[in-house]
1. Expressed in nm to one decimal, what extension gain is obtained for the pair ASN139 and ALA14 from 0.36 nm per residue of sequence separation less their Cα-Cα distance?
2. After finding the eigenvalues of the alpha carbon gyration tensor for region 1-57, what semi-axes result from the square roots of 5 times each, listed largest first in whole Å?
3. Quickly work out the GLU197-to-SER213 label distance, labels modelled 7 Å from Cα along the C-beta direction, and quote it in nm with one decimal.
4. Kindly flag which residue pairs out of LYS9/LYS87; LYS87/LYS134; LYS9/LYS146 have an alpha-carbon separation exceeding 25 Å in this structure.
5. Stretch GLU34-ASP120 to full length: gain in nm at 0.36 nm per residue minus the Cα-Cα span?
6. Looking only at Cα atoms, what is the convex hull volume of region 2-154 per residue, in Å³?
7. Evaluate E = 1/(1 + (r/R0)^6) for ALA66 and LEU175, where r is the Cβ-Cβ distance and R0 equals 41 Å; express this FRET efficiency to the nearest 0.05.
8. Is region 85-147 best put as rounded, prolate or oblate by its Cα gyration tensor, with a ≥ b ≥ c the root eigenvalues, rounded for a/c under 1.5, and otherwise prolate when a/b is larger than b/c, oblate when not?
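Just so it is clear, none of the values below were taken in a lab; they were calculated from the coordinates. Quick caveat: nothing in here was measured; it's all calculated off a predicted structure. Here Cβ is always computed from backbone atoms with ideal geometry, including for glycine, and neighbour counts include all displayed protein chains.
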Amino acid sequence: MEAYLALAKGAKGAACAQLISDALAAPGVFVFSELLDVPNVADLANNLVYASSLRLLQIFAYGSYAEYQAETATLPPLSPLQLNKLKQLSIVTLAQSSKTLSYSTLQSSLAIPNIRDLEDLIIDAMYLGIVDGKLDQKNLCLRVEKAIGRDLKPGQDAILFNILDKWLETSSQILSTIDKQLEKVRASDGNYIIEKEGFEKRLESAKSDSLNSLSTRVFRQENDQQNHQQQHYYEDDIRRGSGSKRSSLKGGGRHKKY
């Protein structure tokens, strides 16, 4: 496109109209807004002879093959390359409304009665990168995954800006709602942390109380065992002492008798 833009700066009248025709047939050129903005091209609107070339350029920029058909009588004829390109760009326009395009819709919009010719046109468009999708021959439709962007019609930018403004407004509302939810989550997290710290303190206190209680029980058990052992020793001493006295008494009696 850069070469055509440079040439358009010095082309007027018939030369400018021919330059437009060449650009419309050029391979890989699918966007024409920059060419429409060139003053010499825009001036064709005031040229009774070549104004039709400007109108044809506008149709290629943001129109469709159906529009060309409606104005065929007042527009320059299309070469086979131009005709195929306009039909392929028209597929892009149709895909803006639906990502699934039936063969019947495409055949009607593009005036292609033969399905094989339609599929060849679509396949060429895919190779050129105009559209990307899949041909569903079983269900007779084109499933579009993505397509190139086309030039905006006059006034369409205002519509898009309005859509963007509404989108931004909706996005702001969504973000505001998310912020409020985050605040609730943060507050909930803060309460959770406080509750967790309280629980951990109570748990540590319970552990300490359990250890103290266990230590007390162990101490008491050890003390009871010691007391019981001492009592046992004491009773043994008493029994041993009583036995010694009885032995002494028995031994003394036998001596006296002797």
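1. Between ASN139 and ALA14, full extension yields 40.2 nm more.
2. 17, 11, 10
3. Between SER213 and GLU197, the simple spin-label model gives 2.8 nm.
4. Checking Cα-Cα distances, LYS9/LYS87; LYS9/LYS146 exceed 25 Å.
5. Once the chain is fully extended between GLU34 and ASP120, it gains 28.0 nm.
6. Taking only Cα atoms, region 2-154 has a hull volume of 105 Å³ per residue.
7. 0.45
8. Judged from the Cα gyration tensor, region 85-147 comes out rounded (a/c under 1.5).
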